[in-house]
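The structure appears right after this line, and notes come after that.
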Amino acid sequence: MSTGLPNTWPRLLADIGGTNARFALETAPGVLEDIQVLPCASHPTLEAAMRSYLAEVGSRAVAHAAIGIANPVTGDWVQMTNHHWAFSIEATRQALGLTSLIVINDFTALALSLPHLPRKELVQVGGGDAISGSPLALIGPGTGLGVSALIPSPGGYMPLAGEGGHVSFAPFDEREAAIWRYARDRHGHVSAERLLSGPGLVLIYHALAALAGEAEQDLSAADITARGLSGDCPRCRETLDAFCAMLGTAAANLALTLGARGGVYLGGGIVPRLIDYFKTSPFRPRFEDKGRFSAYLAGIPVFVINSRYPALIGASAALAAHLEH
Ligand SMILES: Nc1ncnc2c1ncn2[C@@H]1O[C@H](COP(=O)(O)OP(=O)(O)OP(=O)(O)O)[C@@H](O)[C@H]1O
């Protein structure tokens, strides 16, 4: 059934993370204009942020909108995992006078963008060629840890809508077992996201400082990165090395689970900020350190997504598919 007026432009696209909300107007297929990034904390609700953006860009009539958001989307009521925004999709659609509003997980949106990203915006970190017709895995640390994939099907790629950031963290060696114990003593269940995220960088730093019997400093994730990369703080550097190694384990686990010989894509806001260091960090050796499956993993290319607004491109693809059916 047609959803009505599918060719009405502009369309409103949004990518809502735990820290930032990114908005754009799509004025023709794949053409994004007026991209703005608003801190989520500056607005009491998503609807208020959307209204503020639309007012800012001039109140052009928008009929269709798509949102990728950092939480599971299981029905009409949406509750963010790492921020307090919560809303009804239908009430928001009506309040904003939209004909259609679709809401999908932000990493489902990011997965949908993968076939559309220019090669020059992907930084390959090891491995061989992608095997066409195979699944593409996606994992990305930011405020949280997003996970998704594209699975080939006769009708094209199908995106996964899972919550793979919340699987249990799997320590690889004694140091990681000690970090796991430190985290479990404070938080109970230790998910992968607990350590592989911006807050996770801080937690790993605290754990390593405590294990070394050092007084920890009050450092943010960005501070740890800056000091680790500049060489000013060996414990910060150890934190980055541990973080990248743990991400290698998590990415390889995902690749094995999915048979992702089409490649593993790394999204989120953290890895692109570390990109030069990341290429020679413990990430890739750890990715391949999987016993009898080391050769299998050695062939899989890893691509760091170095695009500015990739999830908006995925939201555009999701909306186009929705309006065509
Ligand atoms: N230079 C840096 N190095 C490492 N981490 C950083 C740096 N700058 C910011 N961060 C962390 O990155 C996280 C924000 O990630 P991102 O830019 O992906 O935002 P987001 O899209 O709002 O997050 P998400 O989609 O995961 O909810 C925050 O936890 C922040 O502390």
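One table, with the values for the structure above:
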{"quantity": "Loop-resident sites, the stretch 211-270, for GluC sites (Glu not before Pro), counting at most 12 other Cβ within 10 Å (DSSP)", "calculated": "E214"}
{"quantity": "Structure-based [θ]222 nm, the chain - -39500 (n - 2.57) summed over DSSP H runs of at least 4, per residue, nearest 500", "calculated": "-11500 deg cm²/dmol"}
{"quantity": "Prolate/oblate/rounded call for the stretch 2-91, Cα gyration tensor, a/c under 1.5 rounded", "calculated": "oblate"}
{"quantity": "The stretch 118-306: antiparallel DSSP beta bridges as a percent of all, rounded to 5", "calculated": "70 percent"}
{"quantity": "Rel. contact order, % - alpha carbon contacts under 8 angstrom, at least six apart, the chain", "calculated": "22 percent"}
{"quantity": "Exposure proxy ranking, count of Cβ atoms within 10 Å, fewest first, for I102, I275", "calculated": "I275, I102"}
{"quantity": "Distance-filtered residues of the stretch 292-325 - backbone nitrogen under 13 Å, label point 7 angstrom along I35 Cα→Cβ", "calculated": "306-316"}
{"quantity": "Formal net charge of residues neighbouring F293 (Cβ-Cβ distance under 14 Å; K, R +1; D, E -1)", "calculated": "+2"}
{"quantity": "Interchain or long-range residues, amide H under 5 Å from I104's placed H", "calculated": "I67, G68, I69"}
{"quantity": "HN-Hα J in Hz across the stretch 188-198 - Karplus 6.51, -1.76, 1.60, θ = phi - 60°, x for Gly and Pro", "calculated": "x, 3, 9, 7, 4, 4, 4, 10, 9, 6, x"}
{"quantity": "Percent RCO, i.e. relative contact order, over the stretch 141-275, from Cα pairs under 8 Å lying at least 6 residues apart", "calculated": "24 percent"}
{"quantity": "Derived scalar couplings ³J(HN,Hα) [the stretch 110-115; Karplus, 6.51 cos²θ - 1.76 cosθ + 1.60; whole Hz; x for Gly, Pro]", "calculated": "4, 4, 5, 7, 3, x"}
{"quantity": "Dipole of the stretch 255-325 [Lys/Arg +1, Asp/Glu -1 at C-beta], most positive-end residue of L274, A315, P285", "calculated": "P285"}
{"quantity": "Shape of the stretch 118-306, Cα gyration tensor, a/c cut at 1.5", "calculated": "prolate"}
{"quantity": "Packing-based exposure ordering (other Cβ within 10 Å, fewest first) of D106, D289, D173, D218", "calculated": "D218, D173, D289, D106"}
{"quantity": "Amide H partners (placed H, <5 Å) of Y265, local residues excluded", "calculated": "A137, L138, I139, F303"}
{"quantity": "Given charges at beta-carbon only (K, R positive; D, E negative), |dipole| of the chain in Debye", "calculated": "420 debye"}
{"quantity": "Prolate/oblate/rounded call for the stretch 222-317, Cα gyration tensor, a/c under 1.5 rounded", "calculated": "oblate"}
{"quantity": "For A21, distant residues with modelled amide H under 5 Å away", "calculated": "L38, C40"}
{"quantity": "Potential lengthening between I275 and H84 on full extension [0.36 nm per residue; Cα-Cα distance subtracted]", "calculated": "65.7 nm"}
{"quantity": "Antiparallel DSSP beta bridges within the chain, percent to nearest 5", "calculated": "65 percent"}
{"quantity": "Exposure proxy order (Cβ contacts within 10 Å, fewest to most) of H64, H187, H43", "calculated": "H187, H43, H64"}
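Readers should treat all values here as calculations from the given coordinates under stated rules, not as data from a laboratory. Note that the coordinates shown come from a computational prediction; the quantities given were computed from them, not determined experimentally. No Cβ is skipped: glycine too gets one built from the backbone with ideal geometry, and neighbour counts run over all protein chains shown.
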